[in-house]
Every structure is written in C-alpha cells, then in structure tokens.
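Undergrad: Here's a structure for you.
Throughout, read-outs are computed from the coordinates displayed, never taken from laboratory work. Here the structure is a predicted model, which means the values were calculated and not measured. Methodologically, a virtual Cβ is constructed for each residue, glycine included, from the backbone with ideal geometry; neighbour enumeration extends over all protein chains shown.
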Amino acid sequence: MVKTDSIPALLPTYPPYPFLLVRGEGDRVYDNHGQAWWDFYGGHCVCATGHSHPTVVKAVAAQAASLLFYSAAAAIPVRDQAATQITAFAGMDSVFFCNSGAEANENALKVALLLTGRKKLAAFQGGWHGRTLLAMSVTDDPKMTDPFADQLVPTLRLPFGDLAALAAADLSEVAGVILEPIQSMAGIKTAAPEWFQALRAKCDAAGALLIFDEIQTGMGRMGMPFAAQFYGVRPDLITSAKGLASGVPMGALLMTAAVASKLKSGDLGSTFGGGPLACAALLATVEVIVKEGLMANAKSAADLLRQELVGSVVSEVLGEGLLLGLRSAHAAALKKHLMVEKILVGGSGDPTVLRLMPPLNVSGEALQALVAAIHSFPQP
Ligand SMILES: Cc1ncc(COP(=O)(O)O)c(C=O)c1O
C-alpha cells in the first residue's frame, strides 16, 4: 500500500478554522492556546444546549456507565422515554430513530415512495437535504449532485414560497414534497405562513406526503419546538438531527399516526439508531430546552440583534429565532473581521448572507460582543 506525506490521514471535507479547537463551554469554544472564541456557528447548528451542558454530560456519562449500547433487538426504557418525549415535543405521533440528517431524510423519502407507490418527488429551488442518494435527488446543489444525475430519483423543483407557482404545480404523480421551512444554506430564506397552509392543502388534494426537513429549524431554534408549530401546519413527516441530542449523533423521523399505521416492522431499521447513549442525550436536551427557557432566549436574542444591528454594515437580519441571516454587501470581509474578533459565524450559498446558529442559550455577553464587533467593522 502506498502512503505518501502529501495524503493526510484524515480526508479533508470542510476548510478548517485557523486554530485547533480543544474544548467547549456554553457559547464559547477554546483553542489550544487557551483563547476563547464566541461560537455563533454552533458546530454546524448542532450545539442546541451549548457546549458540554452539565445536564447533558451527566446524562450521557450515567448512561454510558450503565448500558453503552444495545440495538432495537431489545426494548430499552430510555429509548421508549426518548420516543415519548420527542413525539410530544414535536406534536407528532410516532418516531423512527436513526443517526444523521441525511439518513432521516433518506428514510422520509423512502416512506413517501413506499406508501404512495409513486416514482417522483418534489422539492424547492435552493433546498439542501443531504448527501445520500434520495436526499441528493431533492437537493438543489448541482456541484454536489451532477456527478450522480443518472442515479437520482426524478424531482419536480418549485420556487420556494411562491403561491402562484404552487397553485400551478401538478403533484398528482408526486410521492412526497420535502422542504426546509427556513432554507438555511440558500441564505436564510423564509416563506409566509399562508404559503405553508396552501402547501399542506395542495399535498392533501394530490395525495402527496408533506415532509418538513427540520434538521436546522427544529429543537426550539425558532423559538417554538419545531417550525411545524411555528407555522401552524402539521406535516406527515418531520425529520430532525443536528441539535436533537446536543451533539451526540442522532437522527429522527417523526410521523403522524396515519403514516405510522401503514408501516410494518422491518420496513425501516438501523443498527445504531436509537442507541441508549443518544436517547439519554435527547432526553437531557429537551429537558434543558424546556426548563431553562431556551426557546424564549432564542426569540429575545433575535429581537436584540434586529434592534442593535440597525445602522451597521448589516442591512437586514433574516430568519427567525436563532436561525438568522445577516445580509451585508461586505459579507466576506465582515466574516474575516469577525474571525479576527474571535467570533465564529457561518457563510451561506448567498455571498451576501452570513449565518448565525449559536447555542440556544447564547448569553447577553456573547450577543453584545457580536454587536460591538459588527459596529466596529471598518466600512469601505
Ligand atoms: C437542512 C439540512 N438537511 C439535511 C442535512 C444533512 O444532515 P447530516 O449532515 O447530519 O447528514 C443538513 C446538514 O447540514 C441540513 O442542514
């Protein structure tokens, strides 16, 4: 076997930060020189309860010590408790646990194809749903999906939030319609509540399943448990991952009783899905979100940023709760400036929009640091 120094042992995936990240606490991470960074990126929108929240750490440690793993071949109390808790939190009836966002979406789309017997999917321009084959079929990212074009399932792609286009669309052969209720990677694009209601009615009329990809919008981030509650629309399926277990890998496919009643044991499955460690982390995550008022914090943090960023290099604050976009004609330079100020933010597919997806318990100190850094940006 050939091993050369030019090939790193760890395959590169994302451009890394210019420092070694060794520790996290709340809304900050620390580098190997002990320097603190405000984390408005949240480890890819994952760290819902903040880094290493003591309640989550304690629950995970206790579970690891008592039973690290057993598959769904055995009934395990912590898994049943997690299922009861997350279905109640999301306002859904049943859940299938898996391990990641793409896997949750893959299974949601598989369920739609299976239950309707149809061969087509529908999704939205700018939508991003993951890197497995069905998830790529509905993702609007040609750079990523074009090499696999022949393997993808035919997908009708509609403009997001457009009532007229929705009314004109023919969904009669569509198995499922999937969307991010707020399109994140596309640059924090939102749609009107009436559009969500029209979409629900359109899917009902056409017999297509409605799937909310809530991998970013869920788990309290919009100031409500899920976007489904925020917009007052009950989809047939909701997918969750990222913040679901505060960073312990976990995905979930939440469904209505009508969907669950049509699935047989064996239709879905996963070795690691619903492992005790992830279930314990999920239970602790929901407990922290509810007991510590993190949904209210997400709302008030968004209000503060909207108020305080007026008159700065940021021309508009997009999004809801703590899934926010900062529009700026100088977005790239602003991101670099924030990096110098030791503040991590995300980019997006829109070169004029930076994304904020910090822990839901982001502190006033962190928010003030961000506001001050943005106001100190030397405008050209
Ligand atoms: C909206 C959305 N859906 C799906 C995924 C895929 O999740 P994962 O990376 O856990 O497979 C992502 C990941 O960024 C996402 O943001």
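Undergrad: Which trypsin sites (Lys or Arg not before Pro) from segment 59-131 combine a DSSP loop assignment with at most 13 other Cβ atoms within 10 Å?
TA: Answer in residue order: LYS119.
Undergrad: What do you get when you divide the Cα radius of gyration of segment 49-143 by 2.2 N^0.38 Å, with N the number of residues?
TA: 1.39
Undergrad: Among the trypsin sites (Lys or Arg not before Pro) within segment 2-37, which fall in a DSSP loop and have no more than 11 other Cβ atoms within 10 Å of their own Cβ?
TA: LYS3
Undergrad: Please work out whether segment 137-208 counts as rounded, prolate or oblate from its C-alpha gyration tensor, where a ≥ b ≥ c are the square roots of the eigenvalues and a/c under 1.5 means rounded, while otherwise a/b larger than b/c means prolate and anything else oblate?
TA: In terms of gyration-tensor shape, oblate.
Undergrad: So if I place +1 on the C-beta of Lys and Arg and -1 on the C-beta of Asp and Glu, and nothing else carries charge, what would the dipole magnitude of segment 29-120 be about its Cα centre? I want it in debye, nearest 20.
TA: 420 debye
Undergrad: What does the convex hull of the alpha-carbon atoms of segment 54-291 project to on average, in nm²?
TA: 12.6 nm²
Undergrad: Another question, then. I need the chymotrypsin sites (Phe, Trp or Tyr not before Pro) found in segment 42-122, filtered to DSSP loop residues with at most 16 other beta carbons within 10 Å of theirs.
TA: When the chymotrypsin sites (Phe, Trp or Tyr not before Pro) of segment 42-122 are filtered for loop state and at most 16 Cβ neighbours within 10 Å, PHE69, TYR70 remain.
Undergrad: Still on this structure: Among PRO380, ALA281, ALA48, whose Cα projects farthest towards the positive end of the dipole of the chain, with charges put on the beta-carbon of Lys, Arg (+1) and Asp, Glu (-1)?
TA: Toward the positive end, the furthest listed residue is ALA281.
Undergrad: Calculate, for THR55 and PHE148, the FRET efficiency according to 1/(1 + (r/R0)^6) with r their C-beta to C-beta distance and R0 30 Å; round to the nearest 0.05.
TA: The calculated FRET efficiency here is 0.15.
Undergrad: Which links in LYS242/LYS299; LYS110/LYS335; LYS291/LYS335 stretch past 28 Å when you go from one Cα to the other?
TA: Beyond 28 Å: LYS110/LYS335; LYS291/LYS335.
Undergrad: If you don't mind, another one. Which distance in nm do the two modelled labels at ASP267 and LEU156 give, with both placed 7 Å along the Cα-to-Cβ direction?
TA: About 2.3 nm separates the two model spin labels.
Undergrad: Local charge sum around LEU254 (other residues, Cβ-Cβ under 12 Å, Lys/Arg +1, Asp/Glu -1)?
TA: -3
Undergrad: Here is a follow-up. State the antiparallel share, in %, of DSSP beta bridges confined to the chain, rounding to the nearest 5.
TA: Percentage antiparallel, nearest 5: 60.
Undergrad: Can you pull the one-decimal nm distance between simple spin-label points at THR84 and ALA64, each 7 Å off the Cα toward Cβ?
TA: 2.7 nm
Undergrad: With θ set to phi - 60°, apply the Karplus curve 6.51 cos²θ - 1.76 cosθ + 1.60 along segment 201-208 and write out the HN-Hα couplings as whole Hz, x wherever there is a Gly or Pro.
TA: 3J(HN,Hα) across segment 201-208, in whole Hz: 5, 5, 5, 4, 5, 8, x, 9.
Undergrad: Only Cα pairs within less than 10 Å get springs; with that Gaussian network setup on the chain, which residue of THR13, THR285, THR49 has the largest fluctuation?
TA: Of THR13, THR285, THR49, the Gaussian network model singles out THR13 as fluctuating most.
Undergrad: Would you mind computing, in nm to one decimal, how far apart the modelled labels at ARG327 and HIS44 are, each placed 7 Å from Cα along Cα→Cβ?
TA: Placing both labels 7 Å beyond Cα along the Cβ direction yields 2.9 nm.
Undergrad: List the residues, sorted by chain then number, that are 5 or more residues from LEU158 or on another chain and whose placed amide H is less than 5 Å from its amide H.
TA: ALA123, PHE124, GLN125
Undergrad: Let me ask another. Taking the Cα centre of the chain as the origin and placing charges on Cβ (Lys, Arg +1; Asp, Glu -1), which of ALA208, SER300, LEU370 is farthest toward the positive end of the dipole?
TA: Of the options given, the answer is ALA208.
Undergrad: Whose amide H sits under 5 Å from the amide H of GLY319, counting only residues 5 or more places off or on another chain, with H placed in the peptide plane?
TA: Under 5 Å from the amide H of GLY319: GLY325.
Undergrad: Next question, about the same structure. From a point 7 Å beyond the Cα of ALA258 in the direction of its Cβ, which residues of segment 150-178 have a backbone N at a distance under 14 Å?
TA: Inside the label zone: 176-177.
Undergrad: Evaluate the charge dipole of the chain about its Cα centre and quote only its size in Debye, nearest 20, assuming +1 on the Cβ of each Lys and Arg and -1 on the Cβ of each Asp and Glu.
TA: In total the dipole reaches around 300 debye.
Undergrad: Under 5 Å between amide hydrogens, which residues at least 5 positions from LEU21 or on another chain qualify, with H placed 1.01 Å from N in the peptide plane?
TA: none
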